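The structure under discussion is supplied below as structure tokens; questions concerning it will follow.
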Amino acid sequence: MEPKFKRILYGGDYNPNQWPEEIWKEDMRIFRNARINSATINVFSWAKIQPSEHEYRFDELDRIVDMLSEEGYDIVMATSTAALPAWMVKRYPEVMYTDYEGRRHKFGGRHNACPNSPVYRHFAAALVERLAERYAHRPNVTCWHVNNEFGNECYCDICQNAFRVWLKDRYKTIEAVNEAWNMEFWGHTLYDWDEIVLPNELGDGFSPDCTNFAGISLDYRRFISDSYLDCYKLERDIIHRHNPQTTVTTNLMGTYKGLDYFKWAKEMDIVSWDNYPAYNTRPAQVAMKHDLMRGLKDQPFLIMEQTPSQQNWQKYNTLKRPGQMRALSYQGIAHGADSVQYFQLRRSVGGCEKFHGAVIAHAGTENTRVFREVAQLGRELESFGTATTGSEKHSEAGILFDWENYWALEYTSGPCADLKYVPQVQQYYDYFYQRNISVDMLPVDADLSRYKLLCAPVLYMIRGKMKEALEAFVRNGGILVLTYMSGIVGASDNVYLGGYPGPLREMAGIWVEEIDSLPPEFQNGVRFSDGSGASCSLVYDQIHLEGAEALGEYTRDFYAGTPAVTRNRFGNGAVYYIGTQLEPDGLARILDQAVSQGQVRSLIPEASGLEISCRESEDTRFYYLINFSEEDQPVPASLAGKPDLITGRISTAEDVLAPWDVRILTEAL
């Protein structure tokens with residue numbers, strides 16, 4: 001596709017306003033040596049730009065924009081609306097958010113505004129209007145960054161009133177609300193709209209992730225996600241009114257639970273996100289988040305933030321080992337990123353992020369290990385030009401990821417508190433990752449016809465046209481993998497009567513009578529039809545066959561000998577149903593069959609200890625090889641003879657990649 005930018009953006013968050021101007025020129029010199037070409041500015045400058053209600057000061061920001069423009073930077077202009085100035089809170093205290101416990105917060109922190117406050121929206125819009133009027137047509141301002149890491153939840157009276165309006169639009173009548181939320185339970189029948197109270201600790205919530213009525217809590221999550229999205233759109237529309245061609249984004253946070261990112265992505269010109277793995281985050285977990293961010297729009301995305309070395313806010317803020325930052329940066333590009341950007345370019349002198357890594361450390365010099373690595377990567381990225389920008393990934397397999405299922409599964413009070421959405425999805429992603437099979441992360445309304453194989457782990461909530469779409473996919477020859485806790489409830493968390501997995505029962509060819517759950521110290525086993533076995537844990541569906549065949553049976557407990565894993569022919573395709581959490585080797589045994597039946601291909605024919613991803617432009621295929629293991633790994637023989645984009649060398653079967661090493665092997669199309 002046509003790239004959004006004329007080069008790979010390389011830079012990050014820059015706060016010259018925190019420093020005297022004599023340091024700015026030195027920054028420019030140092031950044032030039034690192035081939036920095038982009039800067040995100042003005043992220044938290046509202047208090048400086050607008051020191052009082054009717055006063056704006058742009059002189060310093062003008063000088064910053066002029067300086068970066070003279071240096072030829074791509075400027076990512078933030079709107080500064082993620083932290084309120086003190087004068088606003090003092091004069092209009094209702095702009096501050098109210099937390100889950102019902103406490104309105106005082107001045108401080110960030111992401112601290114009520115998203116439905118008319119006062120907040122008024123002042124945010126006025127600020128963005130002036131910013132866009134002043135900078136939207138500056139040629140070096142090539143991207144706009146709205147707010148920052150949208151999130152948080154507010155439970156104030158303003159939000160309560162707005163929620164009631166949102167519900168009226170969704171349900172039309174109070175009777176429909178009662179039915180959707182099953183308010184006969186515990187005698188909670190509502191008679192008027194003003195009897196609806198927020199599901200926090202003062203109402204029907206009994207912890208942020210637990211609720212007496214999942215229906216109201218689910219709707220409140222939908223409402224809050226929509227409320228923040230309205231704030232984003234408010235700012236975006238002002239910017240676009242001044243320059244319809246400019247690119248507008250906001251930085252997302254991977255699998256962050258609070259916002260429905262698939263819905264958000266429809267309103268974003270390009271997806272961007274902040275990548276902060278911990279010391280013990282597995283490469284496959286990072287890869288899945290990258291693929292999720294790419295999947296939000298099925299387009300290349302931006303890495304808006306990462307650290308060149310260590311974080312400051314995790315329990316153990318481990319230094320990135322030599323080569324690790326480069327490998328993680330290329331991993332993002334391999335999965336679809338057209339940028340590598342850091343938080344931060346110069347390390348802050350104070351505040352809670354003063355120990356967060358930066359391109360320029362507190363020593364204030366380029367004579368550091370981190371800077372040398374940043375400069376090496378900068379030179380490499382500069383040498384690529386536009387070769388990789390806009391290139392895409394193509395996959396034959398997909399995994400459904402759905403925020404409403406995420407919310408609903410983790411609100412349900414049973415069968416097991418250890419059943420969490422993201423780890424369930426991750427174990428399926430891990431299978432494809434370990435075999436270098438390209439896989440897309442998909443919304444439930446995706447075009448499924450492009451895929452041969454689809455995994456839908458814990459598809460607990462079936463709503464809208466999901467049933468029909470899945471059935472059409474399988475009837476037309478697709479292979480669908482379903483799991484326990486699928487097809488249980490509808491959009492309001494009310495159970496589909498008639499037996500699990502509800503709307504998916506006919507397609508799966510099974511009936512689940514009961515769902516057992518055992519603590520971690522107790523496990524069962526599964527014996528497969530070929531005589532091999534695997535352990536299983538967490539939950540155990542009690543399955544009756546209704547046309548499906550058993551691929552594995554439980555080995556213990558009163559349900560020994562009953563089906564644990566099944567397969568059902570449906571139309572021209574097949575549905576696999578995995579009724580328990582299999583250990584990785586056992587899960588792989590079933591997914592191997594599904595992959596084989598679906599004729600899904602790996603990127604290379606041989607096994608490899610490397611992470612291998614592929615992007616394609618109109619005329620070139622780029623194979624990204626990254627060694628995240630602790631041992632040297634050979635270049636796969638099937639990729640020998642291809643030139644390396646980084647070095648220009650032709651790869652050979654004798655080449656090896658040391659730990660953290662990278663190759664980008666190219667192939668003409």
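At a Förster radius of 41 Å, what calculated FRET efficiency corresponds to the Cβ-Cβ distance of Asn476 and Ala560, to the nearest 0.05?
Rounded to the nearest 0.05, the efficiency is 0.65.
Here is a further query. Which length gain, in nm to one decimal place, applies between Ser207 and Lys257 when the Cα-Cα distance is subtracted from 0.36 nm times their residue separation?
Here the segment from Ser207 to Lys257 would lengthen by 16.5 nm.
How do Thr81, Thr189 rank by accessible surface area computed with a 1.4 Å probe, from largest to smallest?
Most to least solvent-accessible, the answer reads Thr189, Thr81.
Stretched out fully, how many nm does the piece from His137 to Arg649 gain, at 0.36 nm a residue minus the Cα gap?
180.1 nm
Give the residues of region 59-88 whose amide nitrogen is closer than 13 Å to a point set 7 Å from the Cα of Met28 in the direction of its Cβ.
The answer is 63-73, whose backbone nitrogens lie closer than 13 Å to the label point.
Just add up the charged neighbours of Leu639: K/R +1, D/E -1, any other residue whose Cβ is under 14 Å from the Cβ of Leu639. If you can, show how the numbers build up before the last one.
Values: positive: Arg621, Lys642, Arg649, Arg663; negative: Glu606, Glu611, Asp644, Glu654, Asp655, Glu667.
For residues surrounding Leu639, the net value is -2.
Find the eigenvalues of the gyration tensor of the Cα atoms of the chain, then list the square roots of 5 times those eigenvalues as equivalent ellipsoid semi-axes, largest first, in whole angstrom.
Values for the chain, descending: 42, 35, 20 Å.
Given a 1.4 Å probe and every protein chain left where it sits, what share in percent of the accessible area of region 1-147 is carbon and sulfur?
49
Using modelled backbone amide H atoms (1.01 Å from N, in-plane), which distant-in-sequence or interchain residues come within less than 5 Å of Thr483's amide H?
Amide H to amide H, under 5 Å and 5 or more residues apart or across chains, Thr483 pairs with Val458, Leu459, Ile578.
Under a point spin-label approximation (7 Å from Cα along Cα-to-Cβ), what is the Arg369-Lys106 distance to one decimal in nm?
4.3
Taking all protein chains in place and a 1.4 Å probe, what share, in percent, of the accessible surface of region 447-525 do carbon and sulfur account for?
On region 447-525, the fraction of accessible area on carbon and sulfur atoms equals 52 percent.
Then there is this: Need the C-alpha centroid separation for region 609-669 versus region 121-160, integer Å.
Answer, in whole Å: 42.
Going toward the positive end of the dipole of the chain, with +1 on Lys and Arg Cβ and -1 on Asp and Glu Cβ, which of Tyr342, Asn15, Gly215 do you reach last?
Result: Asn15.
Which FRET efficiency value, to the nearest 0.05, is calculated for Glu630 and Leu319 with the Förster distance at 25 angstrom and r the Cβ-Cβ distance?
0.90
With just the Cα atoms defining each centre, how far is region 336-354 from region 364-425? Give it in Å.
What the calculation gives is 17 Å, centre to centre.
Let me ask another. Could you tell me which GluC sites (Glu not before Pro) in region 481-590 are loop residues by DSSP with no more than 14 other beta carbons within 10 angstrom of their beta carbon?
Passing sites in region 481-590 are Glu521, Glu546.
Still on this structure, please answer the following. Can you give me the accessible area per residue for region 112-192, using a 1.4 Å probe, in Å²?
So region 112-192 comes to 45 Å² accessible per residue, rounded to a whole number.
Could you give the length gained by full extension between Glu618 and Val495, i.e. 0.36 nm per residue of separation minus their alpha carbon distance, to one decimal place?
Difference between extended and current length: 39.5 nm.
For region 353-458, which chymotrypsin sites (Phe, Trp or Tyr not before Pro) are in a loop by DSSP, counting at most 13 other Cβ atoms within 10 Å?
Answer in residue order: no site qualifies.
If Trp660, Trp46 are ordered by their accessible area, calculated over protein heavy atoms with a 1.4 Å probe, which sequence runs from highest to lowest?
Solvent-accessible surface, decreasing: Trp660, Trp46.
Given the C-alpha atoms of region 205-358, compute the convex hull and give its volume per residue in Å³.
Considering the Cα atoms of region 205-358, their hull volume per residue is 154 Å³.
While we're here: Any idea how far apart Ala469 and Thr666 come out in nm if each label point goes 7 Å out from Cα toward Cβ?
3.7
Write down the percent of antiparallel bridges among all DSSP beta bridges whose residues are both part of the chain, to the nearest 5.
Counting only bridges with both partners in the chain, antiparallel ones make up about 55 percent.
Mind putting a number on the dipole of the chain about its Cα centre? Charges go on the C-beta only, +1 for Lys and Arg and -1 for Asp and Glu, and I need it in Debye to the nearest 20.
Rounded to the nearest 20 debye, it is 1420 debye.
So what is the 222 nm mean residue ellipticity for the chain from helices alone, if each DSSP H run of at least 4 adds -39500 (n - 2.57) and you divide by all residues, rounding to the nearest 500 deg cm²/dmol? Let's see the in-between values first.
Details: 17 runs with 204 residues, N = 669.
That calculation yields -9500 deg cm²/dmol at 222 nm.
Once the Cβ-Cβ distance between Arg601 and Asp169 is put in as r, and R0 is 51 Å, what FRET efficiency do you end up with, to the nearest 0.05?
The pair Arg601/Asp169 has a calculated efficiency of 0.65.
Continuing with the same structure: In region 489-582, which chymotrypsin sites (Phe, Trp or Tyr not before Pro) fall in coil by DSSP and have 11 or fewer other Cβ atoms within 10 Å?
Phe522, Phe558
Could I ask something else about it? Quickly work out the Gln434-to-Glu546 label distance, labels modelled 7 Å from Cα along the C-beta direction, and quote it in nm with one decimal.
Once both label points are built, they end up 3.3 nm from each other.
Can you spot the lysines whose alpha carbon is less than 18 Å from Lys465's alpha carbon? Ignore those fewer than 8 places along the same chain.
Lys263
Next up: Beyond 28 Å between alpha-carbons counts as too far, so tell me which of Lys6/Lys354; Lys266/Lys452; Lys320/Lys354; Lys4/Lys393; Lys168/Lys233; Lys6/Lys315 fall in that bin. Intermediate results must be reported in sequence, preceding the final value.
On the way: Lys6/Lys354 33 Å; Lys266/Lys452 25 Å; Lys320/Lys354 17 Å; Lys4/Lys393 17 Å; Lys168/Lys233 22 Å; Lys6/Lys315 39 Å.
Check vs 28 Å cut-off fails for Lys6/Lys354; Lys6/Lys315.
Whose amide H sits under 5 Å from the amide H of Leu657, counting only residues 5 or more places off or on another chain, with H placed in the peptide plane?
For Leu657, whose amide H was placed from the backbone, the distant partners under 5 Å are Gln633, Val635.
Further question: Output ³J(HN,Hα) for region 427-443: one whole-Hz value per residue in order, computed from phi by the Karplus curve 6.51 cos²θ - 1.76 cosθ + 1.60 with θ = phi - 60°, and x for Gly and Pro.
5, 6, 4, 4, 4, 5, 4, 5, 10, 6, 9, 5, 9, 9, 8, 10, x
Considering only protein heavy atoms, what per residue accessible area in square angstrom results for region 494-627 with a 1.4 angstrom probe?
On a per-residue basis, 44 Å².
Taking every DSSP beta bridge with both residues inside region 450-585, roughly what % is antiparallel (nearest 5)?
Of the beta bridges lying entirely in region 450-585, close to 75 percent run antiparallel.
Counting alpha carbon pairs within less than 8 Å and at least 6 residues apart, what relative contact order, in whole percent, applies to the chain? Display every interim value, and only then the final one.
On the way: 1367 pairs, mean separation 71.5, N = 669.
Rounded, it is 11 percent for the chain.
The values are calculated or read from the model by the stated rules, or taken from the named source; none is laboratory data. Bear in mind that the values here come from a model prediction, so they are computed numbers and not experimental data. For neighbour counting, all protein chains shown are included, and Cβ atoms are generated from backbone atoms with ideal geometry for every residue, glycine included. What goes into the accessible areas is simple: the full protein's heavy atoms, side chains included, and nothing from ligands, DNA or RNA. Shrake-Rupley method; radii C 1.70, N 1.55, O 1.52, S 1.80 Å.
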